[in-house]
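Q: Just passing along the structure, written as C-alpha cells.
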Amino acid sequence: MLFGALEAGGTKMVVAIGDENGKILEQKSIPTTTPAETMPLIEEYFKRKDIKALGVACFGPIDLCRESETYGYITSTPKTAWKNYNIVGELKDKLGIPVGFDTDVNGSLLGEITWGCAKGLTDAIYLTIGTGIGGGVMTNGKLLHGMLHPELGHIRLGKLPSDKGECICPYHEDCFEGLASGPSIEKRWGKKAVELAENDNVWELEADYIGMALSNFCMTLSPQKIILGGGVMHQKQLFPMIRAAFARYNAGYINTETLKNLEEYIVPASLNDDQGIMGAIKLAMNEYEIN
Ligand code: ADP
Ligand code: ZN
C-alpha cells in the first residue's frame, strides 16, 4: 500500500511516496515560496500516484485541534505568505484523500518511534537544533498537542554569566532558541556554526545550554529517551559534552536505571535525516486507519 508524505519547512517542502514499512520509494524537494506557487507543485506531485492517504509534518505554529474551525491551518507564522493558511483543507480538496497532520518535530519523533532509535517507547522527545529549536513530545504513547503544541525552544533558561552574546529571540530575553540555535551561535561568535568546529569555547557553552534544557525536559516530561537532530547537532563532539552538562544539572536528583546510561538516553537521530519524512508516512497511515 502506498502513502504520500510531505515535510513542510520554511525553506523547502520535501514530498515523498512510501509504503507501510516506512520505505521511501521516491522523494523530491520543492522550494517554499508562496502557497499560490508552491501548493500546485505539491499537488501535481501527488496526483495519479495511487496513494491511500497523505501525512503532513509541518512548520508552525499550526492548529491541531480537530474540533477547531481552523484545524489544519498554519496559524501565526512569521512566514507571512503562509499565515492563516488552510494547508490540510487545500490538500484534501485537491487530492480527495485523508490527510494526517502534525508538527514537523512530532513527525520526526513519530518516525523514530515507529522505525528508529525509539522504537516501542511510549515517552520520548525529539529536539531539532537548527535555524530554530523545536521539540516533539510523545507521552503515554500519544503525540502531545495540548492547547496548541509544545514549544520546547522557547522555555526560559537563564543566561549564563560567561555568555557575552545576546538572546536573539524577538519575544524572550533568555530562551533556549534565542541562546542556542544556529543563528544565535553565529551572532555570538561572528562566524557560521560550521566554521567554529575547532573552537572548544563555542561547544562548551552550547552544550551547557542544551544540557540545562534537557534536564528541564527530563524533570517535566519524564521521557524514556531524548533524540537530538538538526544542523547544529552535526557537531558530534557535542554529545558527550551535553550528557555531562545534563548530569551536572540533574545533580543526581533523578536516579532511575535509565539515567545510569546517558549514552543510550541522549542520542542522535537515527534515520539518516529521513526521520521527518518517515514520520509523515506514519501520519498518513494513522489517518488512513481512522477514516
Ligand atoms: P533548518 O533548521 O532550517 O531546517 P538545519 O537543521 O540544517 O535546517 O539547521 C540550520 C542551522 O544549523 C544553521 O544555523 C547552520 O548554521 C547550522 N548548521 C548546519 N550544519 C551545521 C554543522 N555541520 N555544524 C554546525 N552547525 C550547522
Ligand atoms: Zn523565545
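Q: Can you tell which of PRO183, PRO170 is within 16 Å of ligand 2 (Cβ to nearest atom), in a helix (DSSP H, G or I) and over 24 Å from LEU221 (Cα atoms)?
A: PRO183
Q: Filter region 19-48 for residues that are outside any strand (DSSP E or B) and among the polar types (S, T, N, Q); which is surrounded by the fewest Cβ atoms within 10 Å (Cβ to Cβ)? Steps first, answer last, please.
A: Step one: filter region 19-48 for residues outside any strand (DSSP E or B), giving 20-23, 32-48.
Among the residues that remain, those that are also among the polar types (S, T, N, Q) are: 21, 32-34, 38.
Working: ASN21: 10, THR32: 19, THR33: 13, THR34: 12, THR38: 18.
By that ranking, first place goes to ASN21.
Q: Based on what the data block shows, is ILE125 aliphatic (A, V, I, L, M) and buried (at least 21 other Cβ atoms within 10 Å of the Cβ)?
A: On the way: aliphatic (A, V, I, L, M): yes; buried (at least 21 other Cβ atoms within 10 Å of the Cβ): yes.
Spelling it out, ILE125 is indeed aliphatic (A, V, I, L, M) and buried (at least 21 other Cβ atoms within 10 Å of the Cβ).
Q: Given ALA213, ALA193, ALA197, which one is away from ligand 1 (no atom under 11 Å from the Cβ) and touching a residue at least 12 places away in the same chain (Cβ under 8 Å)? It would help to see each step written out before you state the result.
A: Working: ALA193 fails: away from ligand 1 (no atom under 11 Å from the Cβ); ALA197 fails: away from ligand 1 (no atom under 11 Å from the Cβ).
Only one candidate qualifies: ALA213.
Q: Across region 49-70, which residue is most open to solvent (accessible area, probe 1.4 Å) among those that are of a type outside the set (A, V, I, L, M, F, W, C) and within 13 Å of LEU6 (Cβ to Cβ)? Can you show your working first?
A: Kept after step one, since they are of a type outside the set (A, V, I, L, M, F, W, C), are these residues of region 49-70: 49-50, 52, 55, 60-61, 63, 66-70.
From what's left, within 13 Å of LEU6 (Cβ to Cβ): 49, 55.
Working: LYS49: 54, GLY55: 0 Å².
In this case the residue turns out to be LYS49.
Q: Would you check which residues across region 155-179 are more than 11 Å from ligand 1 (Cβ to nearest atom) and crowded, with 18+ Cβ neighbours inside 10 Å and list them?
A: ILE155, LEU157, CYS167, CYS169, CYS175, PHE176, GLY178, LEU179
Q: Something else about it: Please go through region 197-223 and pick out each residue that is closer than 20 Å to GLY135 by Cβ and either surrounded by fewer than 16 Cβ atoms within 10 Å (Cβ to Cβ) or within 16 Å of ligand 2 (Cβ to nearest atom) (or both).
A: Once the filter is applied, which keeps residues that are closer than 20 Å to GLY135 by Cβ and either surrounded by fewer than 16 Cβ atoms within 10 Å (Cβ to Cβ) or within 16 Å of ligand 2 (Cβ to nearest atom) (or both), region 197-223 yields TYR209, ILE210, MET212, ALA213, ASN216, PHE217, MET219, THR220, SER222.
Q: Among (1) among the β-branched types (Val, Ile, Thr); (2) within 16 Å of ligand 2 (Cβ to nearest atom); (3) farther than 24 Å from TYR265 by Cβ, where does VAL194 come up short?
A: All conditions pass for VAL194, except number (2).
Listed here are the residues, each with its yes/no results for (1) outside any loop (DSSP other than H, G, I, E, B); (2) touching a Pro at 6+ places or on another chain (Cβ under 6 Å).
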residue: ASP50; (1), (2): no, no
residue: VAL56; (1), (2): yes, no
residue: ARG66; (1), (2): no, no
residue: THR70; (1), (2): no, no
residue: PRO78; (1), (2): no, no
residue: LYS94; (1), (2): yes, no
residue: GLY100; (1), (2): yes, no
residue: GLU112; (1), (2): yes, no
residue: ILE125; (1), (2): yes, yes
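Q: Still on this structure, I have one more. Tell me which residues, restricted to region 269-284, are part of a helix (DSSP H, G or I) and either closer than 11 Å to VAL56 by Cα or open to solvent by 50 Å² or more (accessible area, probe 1.4 Å) (or both). It would help to see each step written out before you state the result.
A: If we filter region 269-284 for residues that are part of a helix (DSSP H, G or I), which is where we start, we get 275-284.
Across region 269-284, the qualifying residues are GLY276, ILE277, MET278, GLY279, ALA280, ILE281, LYS282, LEU283, ALA284.
Q: Continuing with the same structure: For region 246-264, which positions are open to solvent by 100 Å² or more (accessible area, probe 1.4 Å), under 21 Å from TYR209 (Cβ atoms) and within 26 Å of the chain's Cα centre (by Cα)?
A: Within region 246-264, ARG248, GLU263 meet the criteria.
The values are calculated or read from the model by the stated rules, or taken from the named source; none is laboratory data. Note that the coordinates shown come from a computational prediction; the quantities given were computed from them, not determined experimentally. Note that each Cβ is placed from the backbone with ideal geometry, even for glycine, and that neighbours are counted across all protein chains shown. Calculation scope for accessible area: heavy atoms of the full protein, side chains included, ligands and nucleic acids excluded. Shrake-Rupley method; radii C 1.70, N 1.55, O 1.52, S 1.80 Å.
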